[in-house]
């Protein structure tokens with residue numbers, strides 16, 4: 001009886017030591033989480049690894065206390081290690097991933113990540129040994145295996161948040177049959193648009209000089225060099241972006257003409273906003289395209305739009321009236 005009592009005391013002492021060790025680790029983790037240098041580090045992963053190691057040692061000591069079987073045997077340690085590797089395979093993978101995530105600075109707590117495979121799109125709130133917890137923008141939570149952060153591809157928006165601007169990249173699709181050469185009357189009308197009046201005048205002189213040199217036949221606009229309404233619109237969009245105070249002029253800014261598609265000619269706006277806050281960014285982007293879409297008809301252009309039921313109904317009514 002006395003032997004059993006002593007064994008229980010030994011076991012209690014081992015468990016008590018583990019609980020004290022756990023309290024020390026938790027206190028250390030809570031303290032470091034309030035330090036700026038460690039606030040975004042996966043401290044929970046390290047605590048869990050140390051606790052697994054501590055419980056492993058404790059179990060061996062308890063077995064030794066109960067059975068008297070020596071744990072110093074190489075064979076015993078080898079067999080125990082094999083069993084532990086099998087049981088804690090996912091935990092070991094998570095531990096390795098946690099180390100790589102921390103050392104390579106792949107993800108920090110507070111980062112905005114998009115992980116399509118797991119349906120995650122939001123801020124990282126916790127990184128532990130087995131999982132990464134992400135709070136999505138719809139206030140739901142997604143749990144991602146830690147190992148997936150190094151095994152699969154995902155998007156981390158930290159670079160954007162730390163940069164000087166947030167990218168705007170979107171296209172307006174122009175109907176191809178609305179593109180044409182400008183007449184002298186068109187050019188005079190476009191001179192009333194303040195943003196591009198200097199460009200129109202400068203371009204007009206260059207075109208006239210070139211056409212005189214090659215003795216172009218002015219009776220046909222196709223001869224020689226002439227401006228187009230699409231080219232002038234592109235220049236207007238570029239000038240509009242340069243005048244917009246919400247756009248960062250120090251970063252890349254371009255309005256470009258992409259290859260024609262079955263939906264028309266894409267005119268792509270590529271620039272960066274000063275404000276990176278998502279809500280403000282969307283307002284800035286919307287204001288730019290509200291203006292440009294409304295400006296398209298002033299240049300004799302049309303925006304492509306897939307015909308709706310109402311459009312088809314109008315065509316059918318017109319066809320019927322023509323037959324009658």
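Before moving on, here are some points about what is shown:
- Taking every C-alpha pair closer than 8 Å and separated by at least 6 residues, the mean separation divided by the residue count of region 112-162 gives a relative contact order of 34 percent.
- Computed packing ranks the peptides 115-128, 19-32 as 115-128, 19-32, most packed first, by mean other Cβ atoms within 10 Å.
- Ordering of 213-219, 160-166 by packing [mean C-beta count within 10 Å, highest first]: 160-166, 213-219
- Cα gyration tensor shape for region 200-324, rounded if a/c is under 1.5, else prolate or oblate: oblate
Bear in mind that the values in this text are calculations on the coordinates, not laboratory data. Note that this is a predicted model, so its numbers are computed, not measured. Don't worry about glycine lacking a Cβ; one is built from the backbone with ideal geometry, like all the others, and counts go over all protein chains shown.
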